[in-house]
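Step one of this worksheet: look at the structure below.
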Amino acid sequence: MQKLLNSHAPPVALLVAITAVAALACDPGSNETTGPLPTSGRVFKGTSSTPGTAGAPGAAGADSGPGVTPVEMFGQLSVEGPQLLGEDGKPVQLRGPSSMWLNWESDGYAESFQALEWMRDHWSLSVIRAAMGVEPAGAYLSDPDIALAQVTTIVENAIEAGVYVIIDWHDHTAHEHEDQAVEFFAEMARRYGEYPNVLYETFNEPQQVSWGVDVKPYHEAVVASIRRHDPDNIVILGTPSWSQLVDDAAIDPVKGTNLMYTLHFYACDHTSQSRALRAMQRGAAIFVTEWGATKADGGVEGDLCLDNARQWTDWMRTFGVSWTAWKLDNCSDLSCYFPSSGAPIDGGWTDAHLSGHGPFVRDRMRE
Ligand code: MG
């Protein structure tokens, strides 16, 4: 934790009490800039009923029209202060799934065009996150052709389906791979920067490193590489301590336009929104690119914490905080939407196909 101490850090006496898990719960300061908080945004509502479940959205929801896709509805996104806006300048909240680490996914749910369209129409999906593993064996650094093929499939499916897509550099030590990230994101921006569908997430979860020394300079280099090809699409920036310390970033933000900051929560371990509220009051826009109704290990151990998770999803709705929920895959973790076997790849899922926090995530996506 010593590396967290910098000139912008909260008082030392309070910092010593911070651990990665407890970070959201403590209140390190009163010398805050108090600006307006964001408001709830319009959400996309799918246009078909869901087989096998009650309370489906029916025809079009109040915010969308029949056959209108999320990107047709919201267009080119932008950020103003803490608020994500559609092309018409009105607030927007995006909701959808995150893939598994693509190098570790089981059966390729995230690459299925049919599943993506089905989730758009039946789960009201407006965004999907492509979590491209970087460092492990079989991920981008060792097998770039495989990783690029997975990412480009997901991005091009999203463009075809009219939904938003986050290209996530899924790395815990990205500041040690800056040259590779700069090259990767420049290529992604060159290929896809003209499409309003695409958002870039430059650094999944920095660990216990300094925002000012380690993380911010990395983001500045990657944002510059993106902006050489794409002047306007959203870039989402990871924050220290597994994307918890959004208020550290808000005190010393990256310069530029259409930038947001990453907050991750796992509802059994993270129960306070105070850091996010302080960050937003300082004018930082937040995107929750990962969450689970589980422990922070993704539900390898423990039970679901649905009351806490509902508090978080209600909070995100209130403040128009967009989200993608971990993870669209089949496994025994409670954060896998599907059990280890039995769920078809291409959609059509009923309650019987879902497991862990899958039904909860689906219901939050659709409400
Ligand atoms: Mg663009």
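The values are calculated or read from the model by the stated rules, or taken from the named source; none is laboratory data. Being a predicted model, the structure only gives us computed values, none of them experimental. For accessibility, only protein heavy atoms count, side chains too; no ligands or nucleic acids. Shrake-Rupley method; radii C 1.70, N 1.55, O 1.52, S 1.80 Å.
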Enumerate the amide H contacts of Tyr261 below 5 Å, restricted to partners 5 or more residues apart or on another chain; note that Pro and chain-start residues carry no placed amide H.
Leu237, Ala285, Ile286, Phe287
Antiparallel content of DSSP bridges confined to the chain, in %, to 5
10 percent
Using a Cα-Cα cut-off of under 25 Å, which lysines could be cross-linked to Lys216, ignoring same-chain neighbours fewer than 8 residues away?
Lys3, Lys255
Using only helices, what value at 222 nm comes out for the chain when you add -39,500 (n - 2.57) per DSSP H run of length 4 or more and divide by the total residues, to the nearest 500 deg cm²/dmol?
-8000 deg cm²/dmol
Taking each pair of distinct Cα atoms in the range 183-266 once, what is the resulting Kirkwood hydrodynamic radius in Å?
12.8 Å
Given the protein chains as shown and a 1.4 Å probe, how many square angstrom of Lys327 are accessible, to the nearest 10?
10 Å²
Per-residue accessible area for Asp179 at 1.4 Å probe radius, Å² rounded to 10?
120 Å²
For the chain, max minus min Cα coordinate along each principal axis, in Å, sorted largest first?
55, 43, 42
Interchain or long-range residues, amide H under 5 Å from Glu290's placed H:
Phe265, Thr324
Considering only protein heavy atoms, with the full assembly of protein chains and a 1.4 angstrom probe, order His353, His229, His219 by accessible area, largest first.
His229, His353, His219
Extension gain, Val213 back to Leu37 (0.36 nm per residue minus Cα-Cα distance, nm):
60.5 nm
